Amino acid sequence: HGANRLASTSLLEGLTWGYIAAEDILNNLSTMNDYDASKIKDWNQATEEIDLALIAQDQMTLKQTMWNYVGLSRSQNRLARARAMFIELQDEISKFYKHAQPHDELIGLRNGVEVAFMVLNASLRNKQSVGCFYLKD
C-alpha cells in the first residue's frame, strides 16, 4: 500500500513538473539558442571489457547508501558520509567509464551516481523537515 502511494505521488509530481517545464520552454522558445551538436565529443573507442560483477556491486553500494544515508530520515552526519561515498564511487566509475566499451549497465550506473549527487545536494540545501523527509539535526 505504501509503495503504491509513493509511486502515485512520484508519478503525479513528475507529470506536474514536466508540464511546468514544457510550458516554460514553449514560453521562452523564441529567445533560446539552438544547441550546437558539434560540441558533443566522440566516444573514445575503448577496448576494455566491463566486469558486470563490479558494476552490480557499485549499484548495490549506491542503492544502500541512498537508502541508509539519504533516505526519509536524514542527518548532517549521514549526508556527509553519503557525499564521501559518492565522491569515491564517482571517481572509480569515471576511471572505468573512460576505458571501457559502452554498455547499458555502465551508463546506467554512471547516471545513477549523477542523480544521487543531485538528490544529496538538494538534501544538504534543505534545512527543514518538510513532506516525508525528517531531519534529525
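Return the whole-Å distance between the Cα centroid of segment 11-44 and the Cα centroid of segment 107-125.
What the calculation gives is 19 Å, centre to centre.
So, counting K/R as plus one and D/E as minus one, what does the shell of residues with Cβ under 10 Å around TYR69 add up to?
With Lys, Arg at +1 and Asp, Glu at -1, the net is +4.
Normalising by the residue count of the chain, find the relative contact order in percent from Cα pairs under 8 Å and 6+ residues apart.
Details: 82 pairs, mean separation 40.6, N = 137.
Relative contact order here is 30 percent.
Applying a 10 Å radius around every beta-carbon, put 28-36, 78-86 in order of their mean neighbour count, most first.
Numbers: 28-36: 6.9, 78-86: 17.9.
Most protected by this proxy first, the peptides run 78-86, 28-36.
Mind giving me the nanometre distance, one decimal, between the label points for LEU72 and SER10, set 7 Å out from Cα along Cα→Cβ?
That separation, rounded to one decimal, is 1.4 nm.
With a Förster radius of 30 Å, plug the Cβ-Cβ distance of TYR35 and ASN111 into 1/(1 + (r/R0)^6) and report the FRET value to the nearest 0.05.
Between TYR35 and ASN111 the formula returns 0.95.
Please report the net charge: other residues with Cβ closer than 12 Å to the Cβ of ALA56, K and R +1, D and E -1.
-2
Looking at the calculated P(r) for the chain, what percent of the C-alpha pair distances fall above 25 Å?
On the way: 4464 of 9316 pairs.
That fraction is 48 percent.
All of the numbers you see were taken from the coordinates with simple rules; none came from a lab. From a predicted model like this one, the values you see are computed outputs, not experimental measurements. Cβ atoms come from the backbone with ideal geometry, glycine included; neighbour counts cover every protein chain shown.
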